[in-house]
Amino acid sequence: MKIVVLADTHIPMTTKSLPAAIFKDINDADLILHAGDIVEVEALKELEKIKPVIAVAGNMDSEKTKRLLHTKKTLHLEGFKIGLIHGEGSPESLINFVKNEFRNIKNLSCIIYGHSHIPSIKKEGGIIYFNPGSPTDKVFAPYNSYGVLDVGEDGIIPRIVKI
């Protein structure tokens with residue numbers, strides 16, 4: 001299963017649409033996961049026209065979007081348990097916040113988060129911590145990016161795609 005992972009798209013605050021480079025992976029994907037700060041429901045609906053989307057709310061989302069989405073989710077995909085959350089706080093404390101939010105969930109393989117706009121893949125205690133960065137806003141990052149997860153027989157293979 002190929003999953004495109006987005007976070008911090010900030011549409012329409014930062015830009016009106018996603019960069020065209022993302023759509024090659026989106027068109028080949030089975031699913032889109034969005035780790036918050038999509039901002040407006042209309043942006044979510046545009047993605048849903050292309051592929052199924054599972055999203056969580058972020059701190060910059062409109063009130064309408066926040067009412068529609070949960071703040072975190074636990075997903076079961078291809079036999080793996082994956083956490084999805086936006087995050088909060090400083091970039092330095094973000095991983096600790098994410099860990100704490102999922103501390104009671106057993107057998108997690110991966111936690112996807114956003115908030116910092118800083119792309120990152122870390123493995124700790126058997127859990128992959130995956131932040132795809134932001135495809136539209138590099139406020140704290142050296143480049144724009146998004147993520148791809150390949151989930152299947154070989155496990156969960158994350159990668160960051162620079163735009």
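Just so you know, all these numbers are worked out from the coordinates, no wet-lab data involved. This structure is a prediction, so every number in the text was calculated from the model and none was measured. All Cβ positions, glycine included, derive from the backbone under ideal geometry; neighbour counts span all protein chains shown.
Just grab the label-to-label distance for LYS49 and HIS76, each label 7 Å out from Cα along the Cβ direction, in nm (one decimal).
Placing both labels 7 Å beyond Cα along the Cβ direction yields 3.4 nm.
Of the DSSP beta bridges with both residues in region 67-125, give the percent that are antiparallel, rounding to the nearest 5. List each step's numbers first, then the result.
On the way: 6 of 10 bridges.
Antiparallel bridges: around 60 percent, rounded to the nearest 5.
7 Å from Cα along Cα→Cβ at both PHE140 and LYS162: what's the point-to-point distance in nm?
The two pseudo-label positions are separated by 2.0 nm.
Starting with the fewest neighbours, write out ASP137, ASP154, ASP8 ranked by other beta-carbon atoms found within 10 Å of each beta-carbon.
Details: ASP137 17, ASP154 7, ASP8 33.
Going from least to most buried by this count: ASP154, ASP137, ASP8.
With +1 on the Cβ of every Lys and Arg and -1 on the Cβ of every Asp and Glu, and nothing else charged, how large is the dipole of the chain about its Cα centre, in debye rounded to the nearest 20?
Values: 20 positive and 20 negative charges, 39 e Å.
Computed about the Cα centre, the dipole is about 180 debye.
Could you sort 139-148, 114-123 so that the peptide with the highest average Cβ count within 10 Å comes first and the rest follow in order? Spell out each step's value before the answer.
Numbers: 139-148: 17.9, 114-123: 20.0.
Output ranking for 139-148, 114-123: 114-123, 139-148.
Find the relative contact order for region 17-163 and round it to a whole percent, using C-alpha pairs within less than 8 Å whose residues are 6+ positions apart.
Details: 284 pairs, mean separation 23.6, N = 147.
Relative CO of region 17-163 lands at 16 percent.
How large are Rg and Dmax for region 2-162 when calculated on the C-alpha trace, in angstrom?
Expressed in Å, the Cα Rg and Dmax of region 2-162 come to 14.2, 40.
Rank the residues ILE112, ILE105, ILE127 as a footprinting-exposure proxy: fewest other Cβ atoms within 10 Å of their Cβ go first. Walk me through the numbers before you get to the answer.
On the way: ILE112 31, ILE105 12, ILE127 20.
The most exposed by this proxy come first: ILE105, ILE127, ILE112.
Can you tell me which lysines have their Cα less than 21 Å from the Cα of LYS64? Leave out same-chain residues fewer than eight positions away.
LYS16, LYS45, LYS49, LYS72, LYS73
Based solely on its DSSP helices, what 222 nm [θ] is calculated for the chain when runs of n ≥ 4 H residues each add -39,500 (n - 2.57) and the sum is averaged over all residues, nearest 500 deg cm²/dmol? Working shown, then result.
Numbers: 4 runs with 29 residues, N = 163.
Theoretical 222 nm ellipticity from helices: -4500 deg cm²/dmol.
Hey, if you put +1 on the Cβ of every Lys and Arg and -1 on every Asp and Glu Cβ in region 6-88, which of ILE50, GLY79, SER17 ends up farthest toward the positive end of that dipole?
Working it through, the farthest residue towards the positive pole turns out to be GLY79.
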